[in-house]
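Derivation of every value follows stated rules applied to the coordinates shown; laboratory data play no part. As the structure is a prediction and not an experimental result, all values here were calculated from the model. Cβ sites come from the backbone with ideal geometry, for glycine too, and all protein chains shown count toward neighbours.
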Amino acid sequence: MGLTEWAYSLAESMLSEPLPRRWAHSLEVAKRARSLRPILGGDSELMEAAAVLHDIGYSPAIAATGFHPLDGARFLRSQEGADERVVCLVAHHSCALLEAEERGLRQELEDEFPQERAALVDALIFCDMTTTPDGRQTTPTERVSEIVQRYGPDTIVGRFIQRASPEIQAASRRVETRLAQAQSAGQPMYGS
């Protein structure tokens, strides 16, 4: 079984029944990742796997700390022996360090999981933050607003996402710029 087949199978088994809305979101995030193939090159499969698995830490079967990037990455590493790059992308997806800081878990996250290269971090932010919780496409601005509204501005998640918003916007612009450049040049751009 290839990396993406394994990732879809695992994510479905962990999310589809207990969290069908989260599963729909994860499927669309993975679809967005596939749309980035022109700028991801040899990392396309890696990104698609990380995209479909990025929210696996929400699964009630593995939630331990209540911080889904850390729970998901720890599960993927210890129980699944997953590709370390996938593990690290899941651990750090969508500015997770800022939320980890709000939760007092930043040092743990940084110590256990190194950051992937910037272009991949940007790509996963873009895929996640342009997808609604139920799997529809949106803009990063609308997604951040939806998260603040859903959780409340003074909650851990609300505070974190407001702090992360400038980086979410910047990462999305960098991805869109790379896509536009690749399309106008008619060739892949695998930036770092």
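Arrange the peptides 103-110, 30-37, 70-77 so that the one whose residues have, on average, the most other Cβ atoms within 10 Å appears first.
Working: 103-110: 15.2, 30-37: 19.4, 70-77: 23.6.
Highest-to-lowest ranking by the protection proxy: 70-77, 30-37, 103-110.
In terms of packing, defined here as the mean over residues of other Cβ atoms within 10 angstrom, the peptides 16-25, 55-64 line up highest first as 55-64, 16-25. All Cα-Cα separations within region 44-132 were binned at 5 Å from zero, giving a P(r) of 3, 16, 29, 28, 18, 6, 0, each value a whole percent of the pairs.
Give the relative contact order (percent, whole number) for region 1-63; include only Cα pairs under 8 Å separated by 6+ residues.
Computed value for region 1-63: 45 percent relative contact order.
Its Cα centre serving as origin, the chain has a Cβ charge dipole (Lys and Arg +1, Asp and Glu -1) of approximately 540 debye. Given their separation in residues at 0.36 nm each and the Cα-Cα distance between them, residue 138 and residue 156 gain 4.2 nm when the chain is fully extended. Taken over region 1-81, the ratio of Cα radius of gyration to 2.2 N^0.38 Å equals 1.05.
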